[in-house]
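A short reminder: the numbers here are calculations on the coordinates, not readings from a lab. Nothing here was measured: the structure is a model prediction, and the numbers come from that model. Every residue, glycine as well, gets a Cβ built from its backbone with ideal geometry; the counts of neighbours run over all protein chains shown.
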Amino acid sequence: MSRTSKFSKPFRRCALTLLGTAAGIVLLFTAFNTWVNPLWVTPSPWTDESFAAYRPIYRHQRTAKAGLVRSAQWQAAFFGSSRIDIALDPANPHWGNTRAVNLAVSAGTLPETAAILRYTLAREHLETAIAGIDIGDLMSSHSPYQTTGFMESPFNPKGDRFERELRYLSGISTFQTAIQTLINRHRQALPEYTPQGHRLRHHEPPNVRQTILRDSIPHALRTVRRRKHALEPNAWKISLLQQILDDSKAARTRLVLLIPPSHASYIGLYHLENDPDPCFTRDRGIMARLVAQSNADHPEAPAATIWDFNDFHELNCEAIPADKSRMKYWVDGTHARKSLGDVMLARIMAWPVDDPAGADYGFELNAANLDQRTATLRQGYQDFRTRHPELWQWMCDGAKTYQTTDDSAGEAKDEAAPAF
């Protein structure tokens, strides 16, 4: 008897046992992952939707928000960065029977916003799309989309679909997230995100004053320094904004471009530090011209509009507490909380404004009133100095803390808000 035949049966038995065990583990993982569906991407007939409120999607935002598109039918959706992710509530009672979802992502810029909107419109018949465009994004070539989880998500049109779906079904990371979902439900501990994709919880800084001083102020100063060296529209970003307009027109979806607000202590620095375009008139002008042309080219589709909340309105000049208490409208210097997001939605959607202080909040920007908007912003800064002298002086003192003799371009790669 040959040596090969002598060991062939035990070897085959061992190999089959190992393969069977591996297959069993894969099947077990797949059954468990699809039962819990922790990232929303594997909806199955046996998925237990009682887990929905406890799915911890924070570390896998892009994948999970693509899963939300897969898992349900939506009529309204929000897109953009963490400013939209935190502020806009798809469960606002004024939506009534309209099914809304928040698909914005932390550190999102135009490359992701355009791709996520396109992915959604290919699968959903949206009546309304609200896309946040962070002021300054059109003047920057920077986008962290290759390191945010976008490339591994279904939103990436060039991703390896087979590998991606296999990972969702039986991957270790999915399994770990499913385990955390079970733990959350057992403890009745709600995670950051709601089942409609709204980052409603667990985003509070321990000390908002220190957070603005540490993050928002130096970010604005670095950005101004960079803009003094180079301030040209980025053709790539402009083409992506055009894609957003074209896709929404083709889908007959009402598109609202939303310029998110920043606290006065943040946007005031662009005036204080002599930014070459402190009112971001060039950004607003590009948006207004593209929207006007798109509306003219597609009269058969709903008209796109621009709602601009980035100014020195009283709601954006809220006093910063000296203690560790929360602000009513702001998480920090660049992220409005839900209370201010509700005002924004009311103004955009023509709902009743429940907060009297927000009755005149926001500005509907177009090509015809661009100069008026610039004049209002310049005057708004002067009014900010006189109406809120203590806040303005605190901003000035904070800027002095970070003054430097280095006039290089610095490390600021984008003018959007710091990632949150």
- Message: Charges on Cβ only, +1 for Lys and Arg, -1 for Asp and Glu, centred on the Cα centroid of the chain; of 28, 156, 336, which one is farthest towards the dipole's positive end?
- Response: 28
- Given Cβ charges of +1 for Lys and Arg and -1 for Asp and Glu, the option among 367, 301, 381 whose Cα lies farthest towards the positive end of the dipole of the chain is 301
- In degrees, nearest 10, range 0 to 90: what is the angle between the Cα axis of helix 370-387 and the longest Cα principal axis of the chain? 80 degrees
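Report, to two decimal places, the Cα Rg of the chain normalised by 2.2 N^0.38 Å (N = number of residues). The partial results should precede the final answer.
Working: Rg = 24.4 Å, N = 420, 2.2 N^0.38 = 21.8 Å.
After normalising by residue count via 2.2 N^0.38 Å, the value is 1.12.
If you take the square roots of the eigenvalues of the alpha-carbon gyration tensor of the range 61-115 and sort them as a ≥ b ≥ c, do you get rounded (a/c under 1.5), prolate (a/b over b/c) or oblate? Don't skip to the answer; put the middle values down first.
Details: a/c = 2.23, a/b = 1.41, b/c = 1.58.
Judged from the Cα gyration tensor, the range 61-115 comes out oblate (a/c at least 1.5, b/c at or above a/b).
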- Per the range 228-336, sqrt(5λ) over the Cα gyration tensor eigenvalues, sorted largest first, in Å, gives 32, 19, 11
- Note on the structure: Distance in Å, no decimals, from the C-alpha centre of the range 23-91 to the one of the range 175-241 is 19 Å
- Task: Please report, in whole Å, how far the alpha carbons of the range 330-384 spread along each principal axis, starting with the longest.
- Result: 30, 26, 18
- Message: Using only the alpha-carbon atoms, how far is helix 338-349 inclined from the longest principal axis of the chain? Give it as 0 to 90 degrees, nearest 10.
- Response: 80 degrees
- What residue among 155, 29, 312 shows peak mean-square fluctuation when the chain is described by a Gaussian network model with Cα springs under 10 Å? 29
- If one builds a Gaussian network model of the chain from Cα atoms under 10 Å apart, the most fluctuating residue listed among 340, 255, 28 is 28
- Task: Could you tell me how many degrees, from 0 to 90 and to the nearest 10, lie between the Cα long axis of helix 110-121 and the main elongation axis, the longest principal axis, of the Cα atoms of the chain?
- Result: 60 degrees
- With charges set only on the Cβ (+1 for Lys and Arg, -1 for Asp and Glu), what does the dipole of the range 263-344 come to about its Cα centre, in debye to the nearest 20? 260 debye
- Message: Take residue 158 and residue 400, extend 7 Å from each Cα along the Cα→Cβ direction, and tell me the distance between the two endpoints in nm.
- Response: 5.0 nm
- Sorting 195, 166, 64 by the position of each Cα along the dipole of the range 56-199 (Lys, Arg +1; Asp, Glu -1; all at Cβ), the one nearest the positive end of that ordering is 166
- Spin-label zone in the range 118-160 - amide nitrogen under 17 Å from a point set 7 Å from the Cα of residue 229 along the C-beta vector: 139-143
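Treating the beta-carbon of each Lys and Arg as +1 and of each Asp and Glu as -1, no other charges, what is the dipole magnitude of the chain about its Cα centre, to the nearest 20 debye?
On the way: 48 positive and 45 negative charges, 461 e Å.
Its charge dipole is roughly 2220 debye.
Multiply the residue gap between residue 13 and residue 98 by 0.36 nm, knock off their C-alpha separation, and tell me the result in nm, one decimal place. Let's see the in-between values first.
Values: separation 85, 0.36 × 85 = 30.60 nm, distance 5.84 nm.
Gain on stretching residue 13 to residue 98: 24.8 nm.
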- Message: Restricting to lysines 8 or more places apart or on different chains, can you count the pairs in the chain with Cα atoms under 22 Å from each other?
- Response: 11
- Estimated distance in nm for a label pair at residue 281 and residue 49, the labels positioned 7 Å out from Cα along Cα-to-Cβ: 5.3 nm
